[in-house]
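Student: Before we start, here is the structure in question, set down as structure tokens.
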Amino acid sequence: MGRQLSSQVMILLVIVNSSLQVKYEFVLDNEHVLSECQDTPPGALSYDSLFDFSEMALTMSDAGVTLSGNATTVWDIKPTDRIQGSANILYFDRGTWQPTVLNIITKNFCATMYDERQFWYKFWTRHIINADEVKDNCLKVAGTKLVMEPYLIKCEFGFDAPLRQGRHKIVVGFRAFDEHNVERKYNICFEITGEFYKL
Ligand SMILES: *[C@@H]1O[C@H](CO)[C@@H](O)[C@H](O)[C@H]1NC(C)=O
């Protein structure tokens, strides 16, 4: 069951090395895609404090996980806030999570939410059907419904750094700052865990 599940729960991340073109496959280790952070920063809430997923479904097939439905924002921040987004890739080595050089930070997530070079665009925001409608609200106006086109979760992006095979996690964080650049009490943290395999 476990093995069967993990071969079905697969997303493709193609990592292109500028000199070598090494491709990797990322296999999710749970069908829920997102999980709670293990090391939570102070004030961290999980993915369910960012979105209400009650209108969303994840369905598995041999090809991987297909996402469909809507996500409605529930994070209690202000429309004038700035959201900083980050994605850090960690490697599981002999029982502990080790940092890698693969860390992405965006000072103004909302300004780059639909930038096609961004990690989240390939994974997620390119599939928001009502992007024009929700563009200004971003993740800052609770109750904003992101209508998603059904899609198979996979993405391709390039890194200029080599990657080890084996268990990794992508730790995603969102932090909000008010107009005086003071951080809001609560931030969002969640993880996507799986394994990288060289193709
Ligand atoms: C998603 O939202 C759209 C627009 O409001 C609605 O028509 C649709 O039924 C919703 N999907 C689900 C699965 O609830």
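Student: Is it fair to say CYS110 is open to solvent by less than 20 Å² (accessible area, probe 1.4 Å) and over 23 Å from SER35 (Cβ atoms)?
Tutor: No: the conditions fail for CYS110.
Student: If you don't mind, there's one more thing I want to ask. Determine if region 138-150 includes at least one residue that is within 16 Å of the ligand (Cβ to nearest atom), over 27 Å from GLU183 (Cα atoms), open to solvent by less than 20 Å² (accessible area, probe 1.4 Å) and not charged (D, E, K, R).
Tutor: Within region 138-150 (the criterion being within 16 Å of the ligand (Cβ to nearest atom), over 27 Å from GLU183 (Cα atoms), open to solvent by less than 20 Å² (accessible area, probe 1.4 Å) and not charged (D, E, K, R)), the answer is yes, since at least one residue qualifies.
Student: Related question: What about GLN98, is it away from the ligand (no atom under 16 Å from the Cβ), among the polar types (S, T, N, Q) and exposed (fewer than 14 other Cβ atoms within 10 Å of the Cβ)?
Tutor: yes
Student: Further question on the same structure: Write out, first by first residue and then by second, each pair whose Cβ atoms fall under 9 Å of each other, whose residues are 6+ apart or on separate chains, and whose first residue, in region 127-150, is in a loop (DSSP other than H, G, I, E, B) while the second is among the basic types (Lys, Arg) and within 16 Å of the ligand (Cβ to nearest atom).
Tutor: From region 127-150, the pairs are ASN130/LYS145.
Student: If you go through region 94-115 one residue at a time, how many are part of a strand (DSSP E or B) and in contact (Cβ under 8 Å) with a residue 24 or more places away in the chain?
Tutor: Number of matching residues: 4.
Student: Within region 44-69, how many residues turn out to be under 30 Å from ALA176 (Cβ atoms) and either open to solvent by 30 Å² or more (accessible area, probe 1.4 Å) or at pLDDT 95 or above (or both)?
Tutor: So the answer is 17.
Student: Taking only region 45-64 into account, find how many residues are within 16 Å of the chain's Cα centre (by Cα), assigned to a strand (DSSP E or B) and away from the ligand (no atom under 16 Å from the Cβ).
Tutor: Residues meeting the conditions: 1.
Student: For region 10-43, give me each residue that is more than 21 Å from GLN165 (Cβ to Cβ) and at pLDDT below 55.
Tutor: Correct list: empty.
Student: Looking at region 127-137 only, could you name the residues that are farther than 30 Å from ASP62 by Cβ, open to solvent by 60 Å² or more (accessible area, probe 1.4 Å) and modelled with pLDDT of 95 or more?
Tutor: Listed by number, the list is empty, since nothing qualifies.
Student: To continue, here is another question. Are any residues in region 168-197 basic (Lys, Arg) and either surrounded by fewer than 16 Cβ atoms within 10 Å (Cβ to Cβ) or on the phi > 0 side of the Ramachandran plot (or both), and if so, which ones?
Tutor: LYS185
Student: Moving on to the next point. Restricted to region 70-86, and to residues that are within 16 Å of the ligand (Cβ to nearest atom) and open to solvent by 20 Å² or more (accessible area, probe 1.4 Å), which residue is nearest to VAL182 (Cα to Cα)?
Tutor: VAL74
The values are calculated or read from the model by the stated rules, or taken from the named source; none is laboratory data. Keep in mind that this is a model prediction, so the values were computed, not measured. Neighbour counts are summed over all protein chains in view; Cβ atoms, including those assigned to glycine, are modelled from backbone coordinates with ideal geometry. Protein only, heavy atoms only, side chains kept; ligands, DNA and RNA dropped before computing areas. Shrake-Rupley method; radii C 1.70, N 1.55, O 1.52, S 1.80 Å.
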